[in-house]
Amino acid sequence: MTASPRTSDYPVDKQFLDRWSPRAFSDKAMTEDQVLTILEAARWAPSASNLQPWRFFYGVKGTPEFDILLSLLIPFNEGWAKNAGALVFIASVTTFDGQRQNITNSFDAGSAFMSLSLQAHSLGLIAHGMAGIEYDKAPVVLQFPENLKLEAAVAIGYQGDVATLPDFLQTREAPSQRLPLSDIAFKGHFTGEIKAPA
Ligand SMILES: Cc1cc2nc3c(=O)[nH]c(=O)nc-3n(C[C@H](O)[C@H](O)[C@H](O)COP(=O)(O)O)c2cc1C
């Protein structure tokens with residue numbers, strides 16, 4: 001994996017700067033065990049009241065499950081994610097105690113996504129989150145019950161050559177920057193204005 005040019009204002013563990021979301025995948029295959037190892041990491045994420053609302057739906061390239069998940073992405077994502085070694089759809093259970101509404105199910109699923117991403121990174125793999133999904137169609141095809149909310153999808157695999165991407169994506173294939181810490185961390189109450197990335 002190529003090294004990241006990111007730097008931080010305060011010293012943080014290398015993995016937070018080195019992890020990023022390329023779109024170029026190599027054709028090196030992934031095993032189901034690798035996918036399950038990555039999902040095992042996600043399983044250990046924290047959640048409110050330890051409700052563990054995340055649910056994962058995966059397919060390894062070359063299997064019917066992969067093809068079904070791929071067909072549920074919007075065409076833009078399908079174009080590059082078809083080369084991934086595996087696809088994972090992340091959903092969350094919206095209720096607890098049978099019927100009461102969980103208010104942190106999406107927050108908790110996001111935390112599982114980050115564990116997944118960092119575990120993939122530590123295995124030398126890349127993981128690219130995707131909200132470009134057919135959100136109406138996917139829960140039907142994947143047979144979700146009423147209280148399962150589709151959150152996002154992830155393409156996982158070995159990083160490939162940028163030259164395999166179409167031109168318009170080649171120029172975007174680089175680690176991005178972040179808002180400065182001073183724009184997002186407030187000592188006590190909110191001050192200033194909400195700043196958006198450039
Ligand atoms: C929930 C979520 C949804 C995303 N959706 C898409 C997507 O549909 N297509 C895409 O190409 N990238 C998508 N991304 C990737 C983001 O654009 C990327 O994570 C962001 O620009 C930060 O870059 P980095 O992950 O390389 O640090 C998504 C990321 C997340 C976390």
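The values are calculated or read from the model by the stated rules, or taken from the named source; none is laboratory data. Note that the structure is predicted; figures quoted are calculated from it, not measured. So basically every Cβ, Gly included, is an ideal-geometry build from the backbone, and we count neighbours across all protein chains shown. When the accessible area is computed, the model is the full protein with side chains, heavy atoms only, and any ligands, DNA or RNA have been set aside. Shrake-Rupley method; radii C 1.70, N 1.55, O 1.52, S 1.80 Å.
Could you tell me the calculated FRET efficiency between S176 and E146, based on Cβ-Cβ distance and R0 = 45 angstrom, to the nearest 0.05?
Details: r = 37 Å, r/R0 = 0.81.
Efficiency at R0 = 45 Å is approximately 0.80.
With a 1.4 Å probe and all protein chains kept in place, how much accessible area does K61 have, in Å² rounded to the nearest 10?
Roll a 1.4 Å probe over it and K61 shows about 80 Å².
Grab the DSSP H runs of the chain that are 4 residues or longer, score each as -39,500 (n - 2.57), total them, divide by all residues and round the 222 nm result to the nearest 500 deg cm²/dmol.
When only DSSP H runs of four or more count, the value is -8500 deg cm²/dmol.
Using the alpha carbon gyration tensor of the stretch 22-156, what are the three equivalent-ellipsoid semi-axes (square root of 5 times each eigenvalue), largest first, in whole Å?
24, 18, 11
Given the whole protein assembly as supplied and a 1.4 Å probe, what does the accessible area of T171 come to in Å², nearest 10?
Looks like 120 Å² after rounding.
In Å, what is the Rg of the alpha-carbon atoms in the stretch 88-184, and how long is Dmax?
According to the Cα coordinates of the stretch 88-184, Rg and Dmax are 16.8, 51 Å.
Going from most exposed to least, what order do R23, R178 have by accessible area with a 1.4 Å probe?
From most accessible down to least: R178, R23.
Which of rounded, prolate, oblate describes the stretch 11-62, given a ≥ b ≥ c as roots of the alpha-carbon gyration tensor eigenvalues and a/c under 1.5 marking rounded, otherwise prolate only if a/b is larger than b/c?
Numbers: a/c = 2.54, a/b = 1.17, b/c = 2.18.
Oblate is the answer for the stretch 11-62, as a/c is 1.5 or above yet b/c matches or exceeds a/b.
Taking the dipole about the Cα centre of the stretch 21-161, with the C-beta of Lys and Arg at +1 and of Asp and Glu at -1, give me whichever of Q159, Q143, N105 is farthest to the positive side.
Positive-end residue among those listed: N105.
Quick one: order F144, F113, F168 from most to least accessible surface, probe 1.4 Å.
Result, largest first: F168, F113, F144.
Below 8 Å between Cα atoms, with a sequence gap of 6+, how large is the relative contact order for the chain in percent? Mind showing how you got there, number by number?
On the way: 311 pairs, mean separation 56.9, N = 198.
Relative contact order of the chain: 29 percent.
Quick check: with the 1.4 Å probe, what order do I90, I103, I74, I68 take by accessible area, largest first?
I103, I68, I74, I90
Rounded to the nearest percent, how much of the accessible area of the stretch 1-117 (1.4 Å probe, protein heavy atoms only) is carbon and sulfur?
Answer for the stretch 1-117: carbon and sulfur cover 56 percent of the accessible area.
Just subtract the alpha-carbon distance of D136 and T7 from 0.36 nm times their residue separation and send over the number in nm, one decimal. Write out the running numbers ahead of the final one.
On the way: separation 129, 0.36 × 129 = 46.44 nm, distance 3.94 nm.
The span from D136 to T7 would gain 42.5 nm if fully extended.
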